[in-house]
Amino acid sequence: MDIMTILRRPAAASVISLIGVLLFYIVFGGVDLGKLSGAASWVNYAARIGIVALPVALLMISGEIDISIGAMIPAGAMTTAIIAGHYELPMIFAILGALTIGVVVGLFNGILAVRTSVPTLIITLGTLVAMQGIVLAGSKLLTGGASVPLTAPGWAKTIFGDFIWGGSHQVVIIWWLILAVVFWFIMHQSKYGNWIFAMGGDKVSARNAGIPVDRITILLFVGTATAASFVGMCHAILFNSAQVSGGMNDIFNIIVSVVVGGVLLTGGFGSIVGVFIGTLTFAIVIKGIDFTSIDRNWANLIIGVMLLLAVGMNETFRKKAMTAATKKKKG
Amino acid sequence: MSDTPVIELRNVDKSFGPIDVLHEISLKVKAGEVLCLLGDNGAGKSTLIKTLAGVHAPTRGEVLVDGEPVKFSGPKDAQNRGIATVHQFGGTYPLMSVGRNFFMGEEPTKGFGPFKVFDRKTANKIAVEEVQKMGITRITDGDRLVGGLSGGERQSLAIARAVYFGARVLILDEPTAALGVKQAAHVLRIVNEAKKRGLAVIFITHQVMHAMTVGDHFAVLIRGAIAADFRKGEKSREEITDLMAGGQNMADLEASIEGYMETHDGHPPKVSAD
Ligand SMILES: Nc1ncnc2c1ncn2[C@@H]1O[C@H](COP(=O)(O)OP(=O)(O)OP(=O)(O)O)[C@@H](O)[C@H]1O
Ligand SMILES: [Mg+2]
């Protein structure tokens, strides 16, 4: 493996971004690496956006996008809180309710995406705004407020909303790790990953090759919406309450993580390892800045610069990957 | 070999909403025979082969495979019946490797149950072997991205794929259009090879020489209808050229261009009107 072979991998830019950010924080921020690596804040945050970033990455590799995830995180949280908190129904109904709402909105997005020729950015912008309305008006109507408390039973806490390792790390970190492995398997080991890459590369050809493009597109939309409502649900269980607001910033944060992770906005290229590292990098910039002497208001500037640099690197490396003929030794 | 055509169209019409693209098309191709489909731009050649490939359903008329009427539920259905198509555009995924491209939709896997993994080694090995058999010896690494290959190499990859998956009917939509002399010759050799192996081949081209090199049977499409249908040796090169120009006499066209050049200091006519 020479250096060019490594640079040609889709995760290359995200690794360089991560190293760059760490170096920057060490040199200019005097960050204490020991303290940073022991801290939970950025890992928790990475897990929160990372769980959604994984299915969003698949969807973006397939050439589509979903911004309704911004409304689905609070939708999942509110559904959980309204069912288990306001109506005091058993937790299992709350969990099923939150996941069902994800599946339903995902189906709606996906079916519209395959039945119409409206760009999915517009379709999901529609569901984003509509779901915001439904969540706000619905919770006002049902509970009279925009913030609902709940108490979760022990088992639900343990599985979805507890602290682990005796500190302030959240259990969603484990979910994130497991899901990362599952998504890595789907994308890079199973044939379905092949199909998703092909859909992003050339949808018509993929369809002609007999790949069930429509069914996969719908499934991918179900994946993004359900992952988002799952994250909202975990949050509500962890913090014993849910608010209507919150989650909006997540749209951009999740998409930035995916793009820094090397996924091509036009589809057809990317990797799960890259998205994982991209999410980590993003979380370190946003939350790790508190461990530096840099004013935290600069964090967004760093994100902006990092995004542009990462996209630039991705473009360059991808061109290299296309043109360079690998000179292989025998065997 | 039986005399039943492997694939046949009977009075097929195809329209997209109000636009009638194909009218009353009847064609048949037997095993070991090459049908050359000729026609001007927009004549409906691609639409015709998409109907054969299961991409479009005919508006009227019948498609028969081995003499049996069939209705394809989609491209995959047509493929499962042994009809492999290399479309005019696309067909390969530039940002994916040679091995993954070759096996798209037919991935070899190893392992069991939900843990079946894409068998990259096997895929790469077979892909490279098959492409090399087509004479593209420069491809030695199945991990190479297809975007780095030349047009002819990609075309050969797509054809190699179709042949490998046991096609009985091979449909090629302008496979030589973007190719240089040497690579075009390669593709023509592949067509001949496929024919020798007993495949029925439908070959679309704008180049009369290419058509005459491999064709046994020719059909000329003009504005969606079959304007001429003849066998090898029944028409001269000039006659075919005229037919392909939509019935216009090529010699007249050439004369008019020459006449233009004489009166315009040897410049050919401008393409755009300004
Ligand atoms: N999906 C479609 N909807 C509407 N019209 C179509 C569609 N596909 C093709 N057409 C029309 O059908 C006609 C024939 O197109 P087709 O692509 O079959 O031509 P062709 O003979 O393959 O031409 P070329 O030599 O340029 O490839 C064109 O006028 C085209 O605009
Ligand atoms: Mg065509």
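Every read-out reported here was derived from the displayed coordinates using simple, explicitly stated rules and does not represent laboratory data. Model, not experiment: these values are computed from the prediction. Ideal geometry is used to build each Cβ from the backbone, glycine not excepted, and the neighbour counts take in all protein chains shown.
Per residue, the Cα convex hull of segment B:1-68 amounts to 82 Å³. Please work out the Cα center distance from segment B:137-173 to segment A:238-274, rounded to the nearest Å. With segment B:137-173 and segment A:238-274 each reduced to a Cα centre, they are spaced 37 Å.
Share of pairwise Cα-Cα distances greater than 26 Å in segment B:1-160 is 42 percent (whole percent).
What is the distance in Å between the Cα centres of segment A:78-114 and segment A:133-148? Segment A:78-114 and segment A:133-148 have Cα centres spaced 15 Å from each other. Which whole-percent values make up P(r) of segment A:81-214 when all C-alpha to C-alpha distances are grouped in 10 Å steps starting at zero? All Cα pairs considered, the percentages come to 10, 24, 32, 24, 11, 1. Compute the separation of the alpha-carbon centres of segment A:204-235 and segment B:27-90 and state it in Å as a whole number. Here the answer is 32 Å between Cα centres.
Kirkwood-type hydrodynamic radius, segment A:189-238: 12.3 Å, calculated from all non-identical alpha-carbon pairs.
How do B:Ile83, A:Ile211 rank when sorted from fewest to most other Cβ atoms within 10 Å of their own Cβ? Could you put the intermediate results ahead of the total?
On the way: B:Ile83 27, A:Ile211 23.
Listing B:Ile83, A:Ile211 from fewest to most nearby Cβ atoms yields A:Ile211, B:Ile83.
Shielding by partners for peptide A:262-272, expressed as the average number of C-beta atoms from other protein chains within 10 Å of each residue's C-beta, is 1. Once backbone amide H atoms are built at 1.01 Å from N, A:Ser241 has A:Leu150 as its partners under 5 Å, excluding neighbours fewer than 5 places away on the same chain. Note on segment B:77-126: with charges restricted to the Cβ of Lys and Arg (+1) and Asp and Glu (-1), its dipole about the Cα centre is near 240 debye. When the C-alpha to C-alpha distance is required to be over 32 Å, the pairs from B:Lys30/B:Lys235; B:Lys76/B:Lys235; B:Lys30/B:Lys116; B:Lys50/B:Lys235; A:Lys191/B:Lys71 that qualify are B:Lys76/B:Lys235; B:Lys30/B:Lys116. Here's how it looks for B:Ala228: its modeled amide H is under 5 Å from those of B:Val220, which are all 5 or more places away or on a different chain.
Shielding value for A:197-206 is 6, the average number of Cβ atoms from other chains within 10 Å of each residue's Cβ.
With +1 on the Cβ of every Lys and Arg and -1 on the Cβ of every Asp and Glu, and nothing else charged, how large is the dipole of segment A:11-313 about its Cα centre, in debye rounded to the nearest 20? Walk me through the numbers before you get to the answer.
Working: 11 positive and 10 negative charges, 59 e Å.
The dipole of segment A:11-313 has a size of about 280 debye.
Here is the P(r) of the protein assembly as shown: all C-alpha pair distances, binned every 10 Å from 0, give 3, 14, 21, 20, 17, 12, 8, 4, 1, 0 in whole percents. Remark on A:Phe269: its backbone amide H falls under 5 Å from those of A:Leu264, a criterion applied only to residues 5 or more positions apart or on other chains, H modelled at 1.01 Å from N.
Among all helices in chain A defined by DSSP H, which have a length of 20 Å or more along the axis from Cα atoms plus a Kyte-Doolittle mean of at least -0.5?
Values: long enough: A:12-29 (24 Å, 2.39); A:41-61 (29 Å, 1.60); A:91-115 (36 Å, 2.10); A:120-143 (33 Å, 1.58); A:213-239 (39 Å, 1.58); A:272-288 (22 Å, 2.08); A:299-323 (36 Å, 0.86).
Going by DSSP H runs, the hits are A:12-29, A:41-61, A:91-115, A:120-143, A:213-239, A:272-288, A:299-323.
Simple point charges give the picture: +1 on the Cβ of Lys and Arg, -1 on the Cβ of Asp and Glu, and for segment B:94-148 a dipole about the Cα centre of about 100 debye. Shape annotation for segment A:11-313: C-alpha extents along the principal axes are 54, 51, 31 Å, from largest to smallest. Counting only Cα atoms, the size of chain B along its three principal axes is 73, 46, 38 Å, in decreasing order. With both partners inside the protein assembly as shown, how many of the DSSP beta bridges are antiparallel, as a percent to the nearest 5? For the protein assembly as shown, the DSSP antiparallel bridge percentage is about 60.
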